[in-house]
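Enquirer: First the structure, then my questions, so here it is.
The values are calculated or read from the model by the stated rules, or taken from the named source; none is laboratory data. Model, not experiment: these values are computed from the prediction. Virtual Cβ from ideal backbone geometry, glycine too; neighbours counted across all protein chains shown. All accessible areas refer to the heavy atoms of the entire protein, side chains included, with ligands and DNA or RNA removed. Shrake-Rupley method; radii C 1.70, N 1.55, O 1.52, S 1.80 Å.
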Amino acid sequence: MQEGAYLRCIGHGCGLEYPVGRAGVRCERGHLLDVVYARRPPPSLKEVFYSRRNPGGSIFNESGVWRFRELLNFCQIDTADDAQCSASLVSLDGAEGRQSKPYRMSRAAEFAGVPAGSLWLQPEGYNPSGSFKDNGMATAVTHARMSGVRRIVCASTGNTSASAGMFAANEGIECGVYIPAGQIAPGKLSQAYQFGAQIIEVDGNFDDALSRSLADAADGGGYTVNSLNPFRIEGQKTITYRALEYMGWDPPDWMVFPGGALGNISSCGKAIMELLEWGWIKRAPRIAVINAEGASTFADLYNGGTGLGRLRWNGGSPDTGMIDEYYSRLDREGGRPATRATAIQIGRPANMLKGLRALEISGGVATTVTDEEMLDGMSIAGLNGFDCEMASGATIAGIKRLVSEGVIARDETVVGILTGRQKDAMLPVEYHRDPANRFARPPRT
Ligand SMILES: *Cc1c(COP(=O)(O)O)cnc(C)c1O
């Protein structure tokens, strides 16, 4: 089952193409790249994917990422040949993506104001390193290995470093992690140490850490595994595949994600774009992306809350001058992203343009929620017996907001992604100790 795959630049008027085996992850002009597949995978694969839920001894069937390997076959291997899979595909023994699927959460539905039967939440925190990042890290490290790389690097608000560190340890390669000093949840930082990553503390925020890490990679010091890496995006498409498979490939009306660097919505957008093109689905679910009020670059630009107009993908010709103007304004005013949901405390989302594309092809929306709303969202998932972190609470809080505004209709179906497990152990303790919090259950003495 050989099929051609290559990289194509998404930059307006650029369109440069590269072979898939090249180690660089961006266009030589600095733009984002897409992995493009020459062949159209047949919809009959739906049955193959389903049958692999009985893995028959193959870790690549057990993996929630590689179970869909025909749709991300950038290695161009014979996907039916277990020896070729073993030689090429990076997996934590099939654990990535294995536990994730949509679940019903009746209390979260009640909180959000939708009927219990029309809301599903998909806890990606139940991945081996505790976040959705594992879906994309399995594929990015696969590409790193394919390119003969011995050291991966990333900037991280925490979960990327945990995931990169975990796969690097398992593969026996080096991992360098740039983190904004003092701004990482303790549970994430400790994972990066435990997995043996080399931590580089940056005095600044995530955006500063990313520039440092990209400079390091450009100097030949490593292979970038942040979500501007198009192979991360390929693996994260499987989050959408698992949701759609669960729905019998009949898309829900909405898919809802928190927005940080926007890799997650970019992946969902690419998955949908391809499935439409390949004739696997007839209509797109609408993507809703939820920013923190204190880190709302994307929602500001998309909704025109900047006085600059509404930024759009515009069929591939976005007005990038608007983004430059927004950033220079931030710089002039000393504006720094500020939210306790550190996973989405990002001022300059690397996947801005792919994010715009995702909303355009899906008829999507962007909005914001407050820290207090995110904490309530996080807590109501807990009261359903599911564990998630504050940034994931944005998904539930965002659904609530969009329902109250009439953007999501009460009879529409919604799949929300809970992006990561709780790694800030004291946050729920603090929340529940304060009786002023909506769902608090304070301790008794
Ligand atoms: C990385 C991360 C996000 C943000 O995802 P993007 O793809 O960067 O938009 C949200 N929640 C959690 C838990 C994360 O780890």
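Enquirer: Only one of R98, R67 is part of a helix (DSSP H, G or I), of a type in the set (K, R) and within 21 Å of the chain's Cα centre (by Cα). Can you tell me which?
Expert: On the way: R98 fails: part of a helix (DSSP H, G or I).
Step by step, each of R98, R67 is checked, and only R67 is part of a helix (DSSP H, G or I), of a type in the set (K, R) and within 21 Å of the chain's Cα centre (by Cα).
Enquirer: Here is a follow-up. Within the range 265-294, how many residues turn out to be open to solvent by 10 Å² or more (accessible area, probe 1.4 Å) and not hydrophobic (A, V, I, L, M, F, W, C)?
Expert: Adding up the residues that qualify gives 8.
Enquirer: Counting just the residues of the range 331-343 that are open to solvent by 40 Å² or more (accessible area, probe 1.4 Å) and more than 24 Å from the chain's Cα centre (by Cα), which one comes out nearest to C9 (Cα to Cα)? If you could, list the steps in order and put the result at the bottom.
Expert: Quick first cut of the range 331-343, residues open to solvent by 40 Å² or more (accessible area, probe 1.4 Å) only: 331-334, 336, 338, 340.
When the remaining residues are screened for being more than 24 Å from the chain's Cα centre (by Cα), the result is 331-334.
Numbers: D331: 28, R332: 31, E333: 33, G334: 32 Å.
Here the answer is D331.
Enquirer: Next question, about the same structure. Does any residue in the range 200-219 that is under 19 Å from R336 (Cα atoms) come within less than 7 Å, Cβ to Cβ, of a residue that is part of a helix (DSSP H, G or I) and open to solvent by less than 30 Å² (accessible area, probe 1.4 Å) six or more places away or on a different chain, and which pairs are these?
Expert: Here the result reads V202/A209, each pair linking the range 200-219 to a residue that is part of a helix (DSSP H, G or I) and open to solvent by less than 30 Å² (accessible area, probe 1.4 Å).
Enquirer: Of the residues that sit in the range 181-190 and are open to solvent by 30 Å² or more (accessible area, probe 1.4 Å) and assigned to a loop (DSSP other than H, G, I, E, B), which one is nearest to I344 (Cα to Cα)? Break it down into steps so the answer makes sense when it comes.
Expert: Here is the first cut: in the range 181-190, the ones open to solvent by 30 Å² or more (accessible area, probe 1.4 Å) are 181-183, 186, 189-190.
Narrowing the set further to residues that are assigned to a loop (DSSP other than H, G, I, E, B) leaves 181-183.
Details: A181: 16, G182: 15, Q183: 12 Å.
That would be Q183.
Enquirer: Going through the range 163-175 one residue at a time, which ones are without any contact (Cβ under 8 Å) to a residue 60 or more places away in the chain and either part of a helix (DSSP H, G or I) or surrounded by fewer than 24 Cβ atoms within 10 Å (Cβ to Cβ) (or both)?
Expert: Here is the first cut: in the range 163-175, the residues without any contact (Cβ under 8 Å) to a residue 60 or more places away in the chain are 163, 165, 168-169, 172-175.
Across the range 163-175, the qualifying residues are S163, G165, A168, A169, G172, I173, E174.
Enquirer: Please specify each residue of the range 370-396 satisfying the condition of being open to solvent by less than 20 Å² (accessible area, probe 1.4 Å) and either more than 13 Å from the ligand (Cβ to nearest atom) or hydroxyl-bearing (S, T, Y) (or both).
Expert: First, the residues of the range 370-396 that are open to solvent by less than 20 Å² (accessible area, probe 1.4 Å): 374, 376-381, 388-396.
Passing the criteria: D376, S379, I380, S392, T395.
The rows are residues; the columns are (1) under 20 Å from T342 (Cα atoms); (2) β-branched (V, I, T).
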{"position": "N159", "(1), (2)": "yes, no"}
{"position": "A164", "(1), (2)": "yes, no"}
{"position": "E171", "(1), (2)": "no, no"}
{"position": "C175", "(1), (2)": "no, no"}
{"position": "I179", "(1), (2)": "yes, yes"}
{"position": "Q183", "(1), (2)": "yes, no"}
{"position": "G187", "(1), (2)": "yes, no"}
{"position": "S190", "(1), (2)": "yes, no"}
{"position": "Q198", "(1), (2)": "no, no"}
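Enquirer: Quick check on my filter: what residues within the range 365-379 are over 16 Å from M105 (Cα atoms) and of a type outside the set (S, T, Y)?
Expert: V365, A366, V369, D371, E372, E373, M374, L375 - these are the residues of the range 365-379 that are over 16 Å from M105 (Cα atoms) and of a type outside the set (S, T, Y).
Enquirer: Still on this structure: Of the residues that sit in the range 241-287 and are assigned to a helix (DSSP H, G or I) and within 13 Å of the ligand (Cβ to nearest atom), which one is nearest to the chain's Cα centre (by Cα)? Let's see the steps before the verdict.
Expert: Filtering the range 241-287 down to residues assigned to a helix (DSSP H, G or I) leaves 241-246, 263-277.
From the residues that got through so far, the ones that are within 13 Å of the ligand (Cβ to nearest atom) too are 263-270.
Values: G263: 5, N264: 3, I265: 6, S266: 8, S267: 7, C268: 8, G269: 11, K270: 12 Å.
Once the filter is applied, the top-ranked residue is N264.
Enquirer: While we're looking at this one, here's another question. So which residues in the range 103-159 are in a helix (DSSP H, G or I), touching a residue at least 40 places away in the same chain (Cβ under 8 Å) and more than 16 Å from the ligand (Cβ to nearest atom), if there are any at all?
Expert: Answer for the range 103-159, where residues must be in a helix (DSSP H, G or I), touching a residue at least 40 places away in the same chain (Cβ under 8 Å) and more than 16 Å from the ligand (Cβ to nearest atom): S106, R107, A108, F111, A112, S118, V141, T142, H143, A144, R145, M146.
Enquirer: Sticking with this structure for a sec: I want to confirm something. Restricting to the range 321-356 and keeping residues that are in contact with a helix residue (DSSP H, G or I) (Cβ under 7 Å, 6 or more places away or on another chain) and away from the ligand (no atom under 16 Å from the Cβ), which single residue is farthest from I179 (Cα to Cα)?
Expert: Within the range 321-356, the match that is farthest from I179 (Cα to Cα) is M322.
Enquirer: Quick check, is M374 within 29 Å of Q422 (Cα to Cα), among the aliphatic types (A, V, I, L, M) and in contact (Cβ under 8 Å) with a residue 60 or more places away in the chain? Steps first, answer last, please.
Expert: On the way: within 29 Å of Q422 (Cα to Cα): yes; among the aliphatic types (A, V, I, L, M): yes; in contact (Cβ under 8 Å) with a residue 60 or more places away in the chain: yes.
So M374 passes the test.
Enquirer: Could you tell me which residue of the range 211-251 is surrounded by the most Cβ atoms within 10 Å (Cβ to Cβ), considering only residues that are of a type in the set (S, T, Y) and under 30 Å from E412 (Cα atoms)?
Expert: Restricting attention to the range 211-251, the residues satisfying the condition of being of a type in the set (S, T, Y) are 211, 213, 223-224, 227, 238, 240-241, 246.
Retained after the next criterion (residues that are under 30 Å from E412 (Cα atoms)): 238, 240-241, 246.
Details: T238: 30, T240: 26, Y241: 23, Y246: 16.
Restricting to residues being of a type in the set (S, T, Y) and under 30 Å from E412 (Cα atoms), the top hit is T238.
Enquirer: Please find, among Y193, Y178, the residue that is assigned to a strand (DSSP E or B), of a type in the set (F, W, Y) and either within 26 Å of L92 (Cα to Cα) or in contact with a helix residue (DSSP H, G or I) (Cβ under 7 Å, 6 or more places away or on another chain) (or both). Steps first, answer last, please.
Expert: On the way: Y193 fails: assigned to a strand (DSSP E or B).
Among Y193, Y178, only Y178 is assigned to a strand (DSSP E or B), of a type in the set (F, W, Y) and either within 26 Å of L92 (Cα to Cα) or in contact with a helix residue (DSSP H, G or I) (Cβ under 7 Å, 6 or more places away or on another chain) (or both).
Enquirer: Going through G148, G64, G94, G113 one at a time, which residue ends up being open to solvent by less than 30 Å² (accessible area, probe 1.4 Å), out of contact with any Asp or Glu (no Cβ under 9 Å at 6 or more places or on another chain) and not charged (D, E, K, R)? I'd like the intermediate steps shown before the answer.
Expert: On the way: G148 fails: open to solvent by less than 30 Å² (accessible area, probe 1.4 Å); G64 fails: out of contact with any Asp or Glu (no Cβ under 9 Å at 6 or more places or on another chain); G94 fails: out of contact with any Asp or Glu (no Cβ under 9 Å at 6 or more places or on another chain).
One residue alone meets the criteria, G113.
Enquirer: Just give me the residues in the range 70-85 being more than 18 Å from P42 (Cβ to Cβ) and in a helix (DSSP H, G or I), in sequence order.
Expert: Scanning the range 70-85 gives D82, A83, Q84, C85.
Enquirer: Which residue out of A425, A436 is at pLDDT below 95, open to solvent by 10 Å² or more (accessible area, probe 1.4 Å) and over 18 Å from V365 (Cα atoms)? Can you show your working first?
Expert: Working: A436 fails: at pLDDT below 95.
One residue alone meets the criteria, A425.
Enquirer: Now for a different question. Please verify whether the range 297-308 includes one or more residues that are crowded, with 24+ Cβ neighbours inside 10 Å, within 16 Å of the ligand (Cβ to nearest atom), small (G, A, S) and under 25 Å from L402 (Cα atoms).
Expert: Looking for residues that are crowded, with 24+ Cβ neighbours inside 10 Å, within 16 Å of the ligand (Cβ to nearest atom), small (G, A, S) and under 25 Å from L402 (Cα atoms), one finds none in the range 297-308, hence no.
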